[in-house]
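The values are calculated or read from the model by the stated rules, or taken from the named source; none is laboratory data. Given the structure is predicted, the values throughout are model-derived calculations rather than measurements. Cβ sites come from the backbone with ideal geometry, for glycine too, and all protein chains shown count toward neighbours. We work out accessible area using only protein heavy atoms, side chains counted, and drop any ligands, DNA or RNA first. Shrake-Rupley method; radii C 1.70, N 1.55, O 1.52, S 1.80 Å.
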Amino acid sequence: MSLSERGPIGVFDSGYGGLTILRDFRRLLPEYDYIYLGDNARAPYGNRSFELVYEFTAQAVNHLFEQGCPLVILACNTASAKALRTIQVQDLPEIDPTRRVLGVIRPTIERLPELTTTGHIGVLATPGTVLSRSYTLETEKLFPEMKVTEKACPMWVPLVENGEADMPGADYFVRKYIDAILLEDPEIDTLILGCTHYPMLYPKIRAYVPERISVVPQGNLVAESLKDYLKRHPEMDSRLTRNGTTIYETTEATFKFDTISSLFLQSPVSSVQIPL
């Protein structure tokens, strides 16, 4: 792609969770065009190895580049934790140094000073994200005085993707992980939902978290970060098309994707199945 060519913003997730990020992008930046790609056929990524998550994510990013996206957002904490750095440092200089791939972890951490008073942060995430320690390591770089406690919640994504987020059976698993992380650090005053699926469980999470503790979904933070990024990088902003459109792509059956995505977005979705 030459600098004169323009295209949509690519938004990638291993499954459906990134739709919560896309929803906030479209709310805050409705004029832009988006392509959302969900690798639903190979989801979830949370328990997969670093090598496999990188391989799958790189394939998705390359596909979105082929679709004309100058900018791709990894709207997936696992992909951001396990693949983003390698793609940025190793792949982009060879593919096209004028394109950009951004994640969701750093934009969240950059806002921590506004969110916490005790400096004690809890992160609820997938096993893969917790294993990477990305939230802890990034926080140590920016705010070494803060303490981060990460807790894996392996049952939360299956609950969401199987339509159980509102069901009574979900309460046990929601309360289990919240009690565990608060037992580990009772001084936590801010809980980050470090997986893009977790906002679908927000009402239950909020019900089991003490009122003194803030529960923070990422979508709005990442959307505000993207808006600020485009303001600071007019050379990228000028390459993005603005017709207010969204294309949905999935590696799974479109009927399944459309049905579940409609629950996430509270509006009808019509997708296209693509190979990776």
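Only one of these is in a helix (DSSP H, G or I) and open to solvent by 50 Å² or more (accessible area, probe 1.4 Å): 204, 176. Name it. Within the list 204, 176, the selection yields 176. Figure legend. Inter-residue proximity from the range 109-136: first residues under 19 Å from residue 175 (Cα atoms) and open to solvent by 10 Å² or more (accessible area, probe 1.4 Å), second residues polar (S, T, N, Q) and in a loop (DSSP other than H, G, I, E, B), beta-carbon distance below 6 Å, spacing 6+ or different chains. Indicated pairs: 127/47. For the range 255-276, a tally of residues being buried (at least 18 other Cβ atoms within 10 Å of the Cβ) and over 19 Å from the mean Cα position of the chain (by Cα) returns 2.
Within the range 84-113, take every residue that is acidic (Asp, Glu) and in a helix (DSSP H, G or I) and give me the one that is nearest to residue 199 (Cα to Cα).
Residue satisfying both the conditions and the ranking: 91.
Scoring residue 18 on the criteria (1) touching a helix residue (DSSP H, G or I) at 6+ places or on another chain (Cβ under 7 Å); (2) modelled with pLDDT of 95 or more; (3) among the small types (Gly, Ala, Ser) leaves a single failure, condition (1).
Taking the condition charged (D, E, K, R), open to solvent by less than 50 Å² (accessible area, probe 1.4 Å) and touching a helix residue (DSSP H, G or I) at 6+ places or on another chain (Cβ under 9 Å), does residue 237 pass? Full working, then the answer.
Numbers: charged (D, E, K, R): yes; open to solvent by less than 50 Å² (accessible area, probe 1.4 Å): yes; touching a helix residue (DSSP H, G or I) at 6+ places or on another chain (Cβ under 9 Å): yes.
It is true that residue 237 is charged (D, E, K, R), open to solvent by less than 50 Å² (accessible area, probe 1.4 Å) and touching a helix residue (DSSP H, G or I) at 6+ places or on another chain (Cβ under 9 Å).
Which one of these is in contact (Cβ under 8 Å) with a residue 60 or more places away in the chain and over 26 Å from residue 102 (Cα atoms): 188, 192?
Numbers: 192 fails: over 26 Å from residue 102 (Cα atoms).
On inspection, the qualifying residue turns out to be 188.
Look at residue 188 and say whether it is assigned to a loop (DSSP other than H, G, I, E, B), crowded, with 23+ Cβ neighbours inside 10 Å and of a type in the set (Val, Ile, Thr). So residue 188 passes the test.
Only one entry of 60, 79 meets the criterion of being out of contact with any strand residue (DSSP E or B) (no Cβ under 6 Å at 6 or more places or on another chain), in contact (Cβ under 8 Å) with a residue 24 or more places away in the chain and of a type in the set (A, V, I, L, M), and that entry is 79.
Taking the criterion of being more than 12 Å from the chain's Cα centre (by Cα) and among the charged types (D, E, K, R), the residues of the range 1-53 that qualify are 5, 6, 26, 27, 31, 33, 39, 42, 48, 51. Report whether or not residue 79 is under 25 Å from residue 159 (Cβ atoms), modelled with pLDDT under 95, surrounded by 16 or more Cβ atoms within 10 Å (Cβ to Cβ) and out of contact with any Leu (no Cβ under 7 Å at 6 or more places or on another chain). Criteria not met by residue 79. Filtered by the rule that a residue be part of a helix (DSSP H, G or I) and within 16 Å of the chain's Cα centre (by Cα), the range 114-137 gives 127, 128, 129, 130, 132, 134, 135. Here residue 103 meets each of (1) within 20 Å of the chain's Cα centre (by Cα); (2) surrounded by fewer than 20 Cβ atoms within 10 Å (Cβ to Cβ) with one exception, condition (2).
Taking the conditions (1) outside any helix (DSSP H, G or I); (2) in contact with a helix residue (DSSP H, G or I) (Cβ under 8 Å, 6 or more places away or on another chain) in turn, residue 81 satisfies each one other than (1).
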